[in-house]
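Okay, so here's the structure we're looking at.
The values are calculated or read from the model by the stated rules, or taken from the named source; none is laboratory data. Note that the structure is a prediction, hence the values are computed from the model and not measured. We place every Cβ from the backbone using ideal geometry, glycine too, and count neighbours over all the protein chains shown.
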Amino acid sequence: MTPETLTRLRMAQSAGRPVALLTRLTDGAQSIFPDDVVAPELAVAADGALRDDRAQNLSLEGADWFIQPQNPALRLIVVGAVHVAQSLAPIAAAAGFAVTIVDPRRAFATADRFPGDVAMTHDWPDDAMEALAPDTRTAIVTLTHDPKLDDPALDRALASQAFYIGALGSRRTHAKRLDRLAELGHGPDAVSRIHAPVGLDIGAVTAPEIALSIIAQIVAVRRGKAA
């Protein structure tokens, strides 16, 4: 790898941009997708490697290529430092997510309740979302049941490119939530992105079971296995 290519990769990583390193195995020539102009077949393969987080090999016009995704970490933003969040954080971390807990209630969002490599912010959810800037590798879950906290977070989440948005609450609670989000200007297509009640229907009752159902649904959505 040339120093220039290494510098470009590091710059993309610092900016949190997903890129793929394309190496022609016959002579070692390298390109970076999507920054460089490449053959359409290479672009399609590189896009798939980034989406699946999986390296690929491709033979094109007599040359073999190795496609190596360089994705930033997956992120999970959890609004509400509640019991479900305490179970969800370690499960998500084990699944490869960088977890951030958002809760202005300092008595809830503490290092004692969320040990390990869990980031926390005590900003109000709308300010936190602006700072965290959710992207296509971000999942967002609201757990507080408090419209003063959940609604601003969902308002910002719906304006983002987050690949998953989930909200805890019953169908009746969610119906009222949708009315409030409509008043904020979010139409039916936008709010249909919200998974609510959050999590796969596995009959979950306890906080750890609910957390398991949530991470399972997040993974399923990311892998294209659930609506």
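In the set (1) more than 22 Å from the chain's Cα centre (by Cα); (2) in a helix (DSSP H, G or I); (3) β-branched (Val, Ile, Thr), Ile91 fails one condition alone, (1).
Rundown of residues vs (1) of a type in the set (Val, Ile, Thr); (2) touching a Cys at 6+ places or on another chain (Cβ under 8 Å); (3) at pLDDT 90 or above, yes/no style:
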site	(1), (2), (3)
Gly16	no, no, no
Val38	yes, no, yes
Leu42	no, no, yes
Ala46	no, no, yes
Gln56	no, no, yes
Ser59	no, no, yes
Asp64	no, no, yes
Leu76	no, no, yes
Ala81	no, no, yes
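Among the conditions (1) without any contact (Cβ under 8 Å) to a residue 24 or more places away in the chain; (2) surrounded by 15 or more Cβ atoms within 10 Å (Cβ to Cβ); (3) not in a helix (DSSP H, G or I), Ala45 misses just one, which is (3). Taking (1) farther than 24 Å from Gln217 by Cα; (2) surrounded by fewer than 17 Cβ atoms within 10 Å (Cβ to Cβ); (3) at pLDDT 95 or above in turn, Thr26 satisfies each apart from (3).
Set side by side, the residues Phe108, Phe66 differ, and just one is assigned by TED's automatic domain parsing to the domain that holds Thr142 and of a type in the set (Phe, Trp, Tyr), which is Phe108. Within the option set Asp151, Asp127, Asp135, Asp146, being more than 30 Å from Gln13 (Cα to Cα) and either surrounded by fewer than 16 Cβ atoms within 10 Å (Cβ to Cβ) or of a type in the set (A, V, I, L, M, F, W, C) (or both) holds for one residue only, Asp146. With respect to the conditions (1) over 19 Å from the mean Cα position of the chain (by Cα); (2) in contact (Cβ under 8 Å) with a residue 24 or more places away in the chain; (3) within 18 Å of Arg137 (Cβ to Cβ), Pro34 lacks only one, and its number is (2). Cβ-Cβ contacts under 9 Å between residues 6 or more apart (or on different chains), taken from a first residue in region 202-227 that is part of a loop (DSSP other than H, G, I, E, B) to a second residue that is charged (D, E, K, R), are listed as Ile202/Glu209; Gly203/Glu209; Arg223/Asp52; Gly224/Arg51. Of all residues in region 14-31, those satisfying the criterion of being under 30 Å from Pro134 (Cβ atoms) and in a loop (DSSP other than H, G, I, E, B) are Ala15, Gly16, Arg17, Pro18.
Please state which one of Gly80, Gly96 is within 30 Å of Ala43 (Cα to Cα) and in contact with a strand residue (DSSP E or B) (Cβ under 7 Å, 6 or more places away or on another chain).
On the way: Gly80 fails: within 30 Å of Ala43 (Cα to Cα).
The match here is Gly96.
Is there a residue in region 20-31 that is under 27 Å from Ile140 (Cα atoms) and not aromatic (Phe, Trp, Tyr)? Within region 20-31, one or more residues are under 27 Å from Ile140 (Cα atoms) and not aromatic (Phe, Trp, Tyr). Within region 72-85, the set of residues being more than 17 Å from Asp146 (Cα to Cα) and surrounded by 19 or more Cβ atoms within 10 Å (Cβ to Cβ) comprises Leu74, Arg75, Leu76. Looking only at region 169-176, decide whether some residue is of a type in the set (D, E, K, R), farther than 26 Å from Ala204 by Cβ and over 15 Å from the mean Cα position of the chain (by Cα). Within region 169-176, none of the residues are of a type in the set (D, E, K, R), farther than 26 Å from Ala204 by Cβ and over 15 Å from the mean Cα position of the chain (by Cα).
Among the residues making up region 97-116, those that are more than 27 Å from Pro72 (Cβ to Cβ) and without any contact (Cβ under 8 Å) to a residue 12 or more places away in the chain are Ala107, Asp112. Taken over region 137-168, the criterion of being under 12 Å from Arg193 (Cβ atoms) and either among the polar types (S, T, N, Q) or without any contact (Cβ under 8 Å) to a residue 12 or more places away in the chain (or both) is satisfied by Ala159, Ser160, Gln161.
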